Amino acid sequence: MSDRIHVLLMAGGKGTRLWPKSRVSTPKQFISFQHQRSLIQQSVERLRGHPGFEDLYVVAPDEYLGMIKKQVPDIYPDHTIVEPTAQSTTACLGYSLLYLETMGAQDEDIVIVLPADSFVSDDHAFRECLRDAVRTARLTDGIVLVGVQPSYPATAYGYVMVADEDESRYRRVQAFVEKPDQAKALEYFSNGRYYWNAGIFAWKISTVWQLFRRHAPEFFETLIHLRQCMDSGDQQRVRDIYTKLPKVTFEYSLVEKASDLYMIPARFRWADLGNWTEVFKHFPPDVSLPNRVFELETSNCFVESERDLVSLFGVHDLIVIDTKDVLFVCHRDKVHDLKHFLSTMEREGFHSFL
């Protein structure tokens, strides 16, 4: 049995729901909140130097390579997996597994897949959950994910439903559930068997290849052809093949079809920071800089600014985001409509600010 673990830190997301701080050119994983380290820097530091997580890879399309080198310069160049072009998570995962094999990975090795742009409240508890996931993947030969007990009836997250029985540190997953409406979210929240899907997985390399063969055989055959082109150094052919792979998430194409699927309950607070309301919940106003924001007759506002002072008088429930070229003010009730707002801006000719 192999004891090797490879960590894939997925850093290819766009994060446009946090505009104007997150842009097409500088997505969510590369920005910081309340003057902390960026999300990708925090993700790397959460694992680097801790036993079992030394073989850490950052996975992203070529357009983000400069930001990766700038923000995490001590990641070895051969530990940055550069996608030929931005693609689906299934394609990205398959390509990453091929790359790991060129680096000597074996079928019995464990791969951990996790996003680079999430909020995690407790680094130690996070690492312990990952270790539990690795142990479970070795024990069961299954797909293991980390699920988060809902703290409120969220409609922005996908859910997993687990079986009634509690098998020590892990539970068997019975179903994946798409993002619910408010009524369903309330039902899931009160049920106790529904967890948020945090997008964190552990599995043996052999387990994933078996899923590809069984449930996506044409995809698998294309990946074999892709590997041959990688070995021959034909980068243009690699790009051409990769671009034409089906655009489908690996949860839908592979994970949901697995017969042995398990969940480790998270013992930490987590959020994907998908909108400014989520950021507001997890990054309260910076009390170390009390003169940066002055409020009078004001409540429940979130301010993100580099100015010496932002002053608010007689306003409530606002999101105020101030960057070097854009000032954005939004009522908290409208943050879920930001996509519509940005598409309207683009139609009106403001695409250079997106």
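HIS124 passes all but one of (1) within 30 Å of ILE31 (Cβ to Cβ); (2) in contact (Cβ under 8 Å) with a residue 24 or more places away in the chain; (3) not in a loop (DSSP other than H, G, I, E, B); which number fails?
Of everything listed in (1) within 30 Å of ILE31 (Cβ to Cβ); (2) in contact (Cβ under 8 Å) with a residue 24 or more places away in the chain; (3) not in a loop (DSSP other than H, G, I, E, B), HIS124 misses just condition (2).
Does TYR262 meet the test of being surrounded by 14 or more Cβ atoms within 10 Å (Cβ to Cβ) and part of a helix (DSSP H, G or I)?
The answer is no for TYR262.
What strands (runs of 3 or more DSSP E) lie completely within region 266-351 and have 3 or more residues being closer than 19 Å to ILE31 by Cα and aliphatic (A, V, I, L, M)?
Qualifying strands (runs of 3 or more DSSP E): 318-322.
Which residue pairs have Cβ atoms under 6 Å apart, sit 6 or more places apart or on different chains, and have a first residue in region 323-346 that is within 22 Å of ALA156 (Cα to Cα) and touching a residue at least 24 places away in the same chain (Cβ under 8 Å) and a second that is assigned to a helix (DSSP H, G or I) and among the aromatic types (Phe, Trp, Tyr)?
Within 6 Å, the pairs are VAL335/TRP276.
Among the candidates VAL113, VAL82, which residue alone is in the same structural domain as ILE40 (by TED's automatic domain parsing), of a type in the set (A, V, I, L, M, F, W, C) and either without any contact (Cβ under 8 Å) to a residue 12 or more places away in the chain or surrounded by fewer than 22 Cβ atoms within 10 Å (Cβ to Cβ) (or both)?
VAL82
Please work out which one of (1) part of a loop (DSSP other than H, G, I, E, B); (2) more than 20 Å from VAL120 (Cβ to Cβ) is the condition GLU54 fails and give its number.
Evaluating GLU54 over (1) part of a loop (DSSP other than H, G, I, E, B); (2) more than 20 Å from VAL120 (Cβ to Cβ) leaves (2) as the failure.
Got a number for residues in region 130-179 being touching a residue at least 60 places away in the same chain (Cβ under 8 Å) and at positive phi?
1
May I ask you to list the residues in region 1-20 that are in contact with a strand residue (DSSP E or B) (Cβ under 6 Å, 6 or more places away or on another chain) and either more than 22 Å from SER96 (Cβ to Cβ) or not β-branched (Val, Ile, Thr) (or both)?
HIS6, LEU8, LEU9, MET10, ALA11, GLY12, PRO20
Is it the case that region 201-217 has a residue that's over 23 Å from PRO246 (Cβ atoms), assigned by TED's automatic domain parsing to the domain that holds PHE126, without any contact (Cβ under 8 Å) to a residue 40 or more places away in the chain and more than 22 Å from the chain's Cα centre (by Cα)?
No, every residue in region 201-217 fails to be over 23 Å from PRO246 (Cβ atoms), assigned by TED's automatic domain parsing to the domain that holds PHE126, without any contact (Cβ under 8 Å) to a residue 40 or more places away in the chain and more than 22 Å from the chain's Cα centre (by Cα).
Report whether or not VAL293 is buried (at least 18 other Cβ atoms within 10 Å of the Cβ) and under 28 Å from the mean Cα position of the chain (by Cα).
No, not satisfied.
The values are calculated or read from the model by the stated rules, or taken from the named source; none is laboratory data. Just so it is clear, the model here is predicted, and its values are computed rather than measured. Cβ coordinates were reconstructed from backbone atoms using ideal geometry, including for glycine residues, and neighbour counts include every protein chain displayed.
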